[in-house]
1. If you check 424, 412, 397, 404, which single one turns out to be in the same structural domain as residue 150 (by TED's automatic domain parsing), within 30 Å of residue 32 (Cβ to Cβ) and not β-branched (Val, Ile, Thr)?
2. Residue 293 versus (1) in a loop (DSSP other than H, G, I, E, B); (2) under 24 Å from residue 124 (Cα atoms); (3) of a type in the set (Val, Ile, Thr): which is the lone unmet condition?
3. When both residues are 6+ apart or on different chains and their Cβ atoms are under 9 Å apart, which pairs have a first residue that lies in region 229-254 and is more than 19 Å from residue 161 (Cβ to Cβ) and of a type in the set (Gly, Ala, Ser), and a second that is assigned to a helix (DSSP H, G or I) and modelled with pLDDT of 90 or more?
4. Can residue 174 be described as buried (at least 18 other Cβ atoms within 10 Å of the Cβ), under 16 Å from residue 409 (Cα atoms) and in contact with a His (Cβ under 8 Å, 6 or more places away or on another chain)?
5. Please go through region 200-232 and pick out each residue that is part of a loop (DSSP other than H, G, I, E, B) and either among the polar types (S, T, N, Q) or crowded, with 17+ Cβ neighbours inside 10 Å (or both).
6. Go over the candidates 43, 29 one by one and state the one that is modelled with pLDDT of 75 or more and out of contact with any strand residue (DSSP E or B) (no Cβ under 6 Å at 6 or more places or on another chain).
7. Residues that are part of a helix (DSSP H, G or I), surrounded by 17 or more Cβ atoms within 10 Å (Cβ to Cβ) and of a type in the set (A, V, I, L, M, F, W, C): does region 393-402 have at least one?
Amino acid sequence: MKNKGLCIWLCAVVAILYFPFSTRAVEPLTLEDSLAIALKNSLIINIAKEGAKSAQAKKREAMTGFLPKFKTSYGYTRFNEEPGFYFPGITGTISIPASYMITGTINNHNWIIEASQPLFAGGGILATYQASKTGEDIALVEETAKSLDVVLDVKVAYYNILRAQRLRETARQSVEMLNAHRDVAYNLFMVGLIPKNDLLQSEVQLANGKQTLVKTQNAVELAKSSLNTLLKRNLFSPLEVVDILDYKPVNQSYEECLENARQHRPELRITELKARQAGYVVRQTQSEFFPAVSLVADYARFGETMSLAGTEYKKRENWQVMAVASWNFWEWGKTKFRVDAVRALENQAIDQAKELNDQIALEIKSAYLLLQESESQIAVSQKVIEQAQENFRISEARYKERVARSTEVLDAQALLTKAKSEYANALADYNISYARLQRAMGVNDR
């Protein structure tokens, strides 16, 4: 007995040490809290943000095309002998004998600083900047689109938890009713008022009901794990949510929803910006038809040593300013073919924008019809529950009076459970359909 008591005491201590939070109440999360956590921790959104940073850096890179460029170089050259030339000499009144004349030194150090400012590039620099600026706008809108995707995923996971909990509660109530019916059947059988077959039927249905309850409990845990995944929490972290599964009618017509999508849907904005960006790329490529003009200034220092102090043959420094024009006027149609290629991409982007308009109209229509279908199912399910409850009450009373068989009560109970389950599914489907409609419109009404 002492060993047994000691063992129980040790088990209690271990349970307290290793499971300190098992008895703590978990603060339920609201939908708003869940959305805030998901938006903060989402890797998908973080990837989109990094894409926006990259696009911003590319825009700043393109901006430098308008500014002057500076570069410097340092060189050292050593000849095998002092450079010079042979002077044949002059004969006549003034006679100069032939000789080898030295014009430089063996060691030559040269340092150059160059500044260049583009003056005209056929509009290519401006088009490059505009394309990069549009790329930044696209990245920012894509970040918004990813945020809407995360919001939808969280809403669906949240409502699926509420659906699973409602179904679990329905299954629990079903087990209670089946258990009560089994007890009644057992008492009636013990006094010989019903055959054993009726008792066996009630016990079989009770066993099936308990199995259904286990499945619904597992569904709740799986739904919570899905939300934990979206919140970037441990898969097995305890989680409770606030039950907001309710019916709130939507007072928007299909035309209003479609107009909202045209104004707010980020994908539409993205395709418009991509078409515009393609136009800038066309202008950028067309700039190669024109010459490029730049202003170039050089400053150079020269010397026989690293001090760049000059030599007796050459001054130590000089500078120059040049206007430079360059033009590739013949490349066998290379630039034309590039223009044709990017113009085809521009036409492709324009057609994709038009096609997306049709796809979104269909998406809005589908989401709107599913919302109406779920709304209709809610009204029907409410009425069916009332009828099923009355049917079950009557069947149970008839059974207790021994004017009805057990199968009648079991069928009535099954109809009631089905009605409650369909009502829970209809509520969840309605809220999820509304969330999908909001995503299709490009809005986030929390």
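The values are calculated or read from the model by the stated rules, or taken from the named source; none is laboratory data. In this text, all values refer to a predicted model and were calculated from it rather than measured experimentally. So basically every Cβ, Gly included, is an ideal-geometry build from the backbone, and we count neighbours across all protein chains shown.
1. Values: 412 fails: within 30 Å of residue 32 (Cβ to Cβ); 397 fails: within 30 Å of residue 32 (Cβ to Cβ); 404 fails: within 30 Å of residue 32 (Cβ to Cβ).
After applying the criteria, what remains is 424.
2. The number of the failed condition is (1).
3. From residues that are more than 19 Å from residue 161 (Cβ to Cβ) and of a type in the set (Gly, Ala, Ser), the pairs are 253/368.
4. Values: buried (at least 18 other Cβ atoms within 10 Å of the Cβ): yes; under 16 Å from residue 409 (Cα atoms): yes; in contact with a His (Cβ under 8 Å, 6 or more places away or on another chain): no.
No.
5. Step one: of region 200-232, the residues part of a loop (DSSP other than H, G, I, E, B) are 231-232.
Hit for region 200-232 is 231, nothing else.
6. On the way: 29 fails: out of contact with any strand residue (DSSP E or B) (no Cβ under 6 Å at 6 or more places or on another chain).
Step by step, each of 43, 29 is checked, and only 43 is modelled with pLDDT of 75 or more and out of contact with any strand residue (DSSP E or B) (no Cβ under 6 Å at 6 or more places or on another chain).
7. Here is the first cut: in region 393-402, the ones part of a helix (DSSP H, G or I) are 393-400.
Right, trim to surrounded by 17 or more Cβ atoms within 10 Å (Cβ to Cβ) and you get 395-396, 399.
Next, from what is left, pick out any that are of a type in the set (A, V, I, L, M, F, W, C): none.
No, the conditions are met nowhere in region 393-402.
Quick grid of which residues meet (1) within 30 Å of residue 245 (Cβ to Cβ); (2) acidic (Asp, Glu); (3) not assigned by TED's automatic domain parsing to the domain that holds residue 32:
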position	(1), (2), (3)
112	no, no, yes
116	no, no, yes
126	no, no, no
129	no, no, no
135	no, no, no
145	yes, no, no
151	yes, no, no
165	yes, no, no
172	yes, no, no
